[in-house]
Every structure is written in structure tokens, then in C-alpha cells.
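Quick one: the structure is below, questions incoming.
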Amino acid sequence: AAIKKAIENPRGIDYDLVDAQQARRVLDRIVGYELSPVLWRKVKGGLSAGRVQSVSVRLIVEKEREIQDFTPEASYRIDAEFSNEDGQSFKAKLPKNLTNKKEAQAFLQKNASANFKVADLQKKPAKKSPAAPFTTSTLQQEASRKLYFSVSKTMTMAQRLYEAGLITYMRTDSTNLSDEARQGAQAEIEKAYGNNYSKPRNYTGKTKGAQEAHEAIRPTDFSRHTVNI
């Protein structure tokens, strides 16, 4: 649909985008073409280096070294369930953690049978904004949190969806959406929930160092609610 729309609505060439693509291609050749043969000779045949993956490996190694150098410290959290005379109950936790088991046990022995009073109760309206459209990293995080997928499984499934034409390119650091995507999402929301829930929202925040060569990960057809691949 995006290709058809582009053909039907030709526009001038954006040379900033052209230059960005050329820069990525040059970097691919400078980094990948030069370093990959070194890996073949020094490490193992078939390995590859690249402007993105090599930096990613460096970040992973640095984080792993931090993990290995970390010295764990034990702490104890006090959780409690309170109930009133009417049988209503609620849960609460001590705002600070205790540093050792002896201190935690002493606190429990002293307070387990005590009576408590609610000193202050405040009610405030809360507003929760919707999450930004998926980038590669946020897709992986959400798939891990909700579906318990590994990164490799998430990217394999995303690759299959992309190859089937069901989602946009799944390797992106951008939260931007095309006009076509916003219009498609708005139409589907209005159809299902009415106009009150279809307020357009533009995500303009940019992560430091993000290239934003592709738009955010999204369905190619918002009217399709199920897929079979």
C-alpha cells in the first residue's frame, strides 16, 4: 500500500534521506568489509562484523563485565496486609528496606500484633499516556515481559510477520508513524470505540544517536485483527 501510494503521489527527492542512506552504506563497507576478514582469520570462519552489530556486542560485553563485578547485598522488605473492623483489607509495604535478617525479625516481632491508624488519605486524578509505537528494543522488552519470549524468538516471529507483509520493518529505532498509519489507526479506533478515543498523538522524541531510517513497527493493515502464518 505504501509503494502504491508513493507511485500515485510522486514528490521531489529528499536528498537528506539519500545522503543518510549513502552514509550507512559507506559505514557498512568501512566497518563490515574491513573487520569481517579479520574475524575469519583470528577467530572463526563465517563470523561477521558491522556498524551496528559490533557496537551492540561491545555494549553487551561491557554490561556483562559490570554484572560479573557486581557484589550482591542482601536486603529485606516488609510487606503487610491490614484489615479494619468492617473486614475491608489493603496491602502496604514499608517504604525502606532493612539491611539484615535480625533487624527485619525484630521489626516484625515488635509490630506484628500492633494496631495501626491511617494518618492521611489522599485521592488524586491520574493520567496515563499510551506507550509509544514499538521500536526494536521496546518490542523485545514487551514480548519478554508479557509473553516470556527470548530476543531471538521475538525477532524470528517479527521476521515472519514482516515477510508475510503483516508488519513494517522490524529493525528500527524510530517511534514515528506515517500519515497512512495514523489515519488507519484512527479509523479503526473510531469504528470500534467512537470518536472520544481517537485523539491523534505524534511522537517526536528522538533517542540520542538514533538514525530513524524506518518508521516504527506497526501493522500494515489495522483492520486485520488476527493473523495466520
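Values quoted throughout were computed directly from the atomic coordinates according to the rules given, and no laboratory measurement underlies them. What you see is a predicted model, and the numbers here were worked out from it, not measured in a lab. Using ideal geometry, Cβ is built from the backbone for each residue, glycine included, and neighbour counts are taken over all protein chains shown.
Binning every alpha carbon pair distance of the range 79-229 at 5 Å from zero, what are the percents per bin?
1, 7, 11, 13, 12, 10, 7, 7, 9, 9, 8, 4, 0
Also: Over all alpha-carbon pairs of the range 14-71, lay out the pair-distance distribution in 5 Å bins, whole %, shortest bin first.
4, 17, 16, 17, 15, 13, 9, 6, 2, 1, 0
Using 0.36 nm per residue, how much length does the chain from Thr99 to Val61 gain when fully extended, once their Cα-Cα distance is taken away?
Stretched out fully, the Thr99 to Val61 stretch lengthens by 10.6 nm.
Straight-line reach from Lys101: which lysines have a Cα under 16 Å away, not including same-chain ones fewer than 8 places off?
Lys110
Restrict the search to the range 36-126; then list the chymotrypsin sites (Phe, Trp or Tyr not before Pro) that DSSP places in a loop and that have at most 11 other Cβ atoms within 10 Å of their Cβ. Mind dumping the intermediate values first?
Working: sites: Trp40, Phe70, Tyr76, Phe82, Phe90, Phe107, Phe116; in loops: Phe70, Phe116.
Those satisfying the criteria are Phe70, Phe116.
With a 10 Å cut-off between alpha carbons and a GNM built on the chain, which of Asn111, Asn176, Asn195 moves the most?
Asn111
I would also like to ask the following. For the range 1-146, what is the Kirkwood hydrodynamic radius in Å, using each pair of distinct C-alpha atoms?
23.4 Å
Give me the extension gain from Asn111 to Leu147: residue separation times 0.36 nm, minus the current Cα-Cα distance, reported in nm with one decimal.
Length gained, Asn111 through Leu147: 9.0 nm.
In degrees from 0 to 90, rounded to the nearest 10, what is the angle of the helix 101-111 Cα long axis to the longest principal axis of the chain?
The angle comes out at about 50 degrees.
While we're here: Can you sort Asp173, Asp120, Asp221 from fewest to most other Cβ atoms within 10 Å of each residue's own Cβ?
Asp120, Asp221, Asp173
Something else now. Checking the cross-link filter: which lysines have an alpha carbon closer than 29 Å to that of Lys153, excluding same-chain neighbours under 8 positions apart?
Excluding near neighbours in sequence, the set is Lys44, Lys63, Lys206, Lys208.
Within the set Lys91/Lys123; Lys5/Lys191; Lys127/Lys199; Lys4/Lys191, which residue pairs have Cα atoms separated by over 19 Å?
From the list (Lys91/Lys123; Lys5/Lys191; Lys127/Lys199; Lys4/Lys191), the Cα-Cα distance tops 19 Å for Lys5/Lys191; Lys4/Lys191.
Take the alpha carbon atoms of the range 66-89, find their center, do the same for the range 1-39, and report the distance between the two centers in whole angstrom.
For the range 66-89 versus the range 1-39, the Cα centre distance is 51 Å.
Ok, one more. Nearest 10 degrees, 0 to 90: what angle lies between the long axis of helix 53-69 and the longest principal axis of the chain (Cα atoms)?
For 53-69 against the chain, the angle is about 20 degrees.
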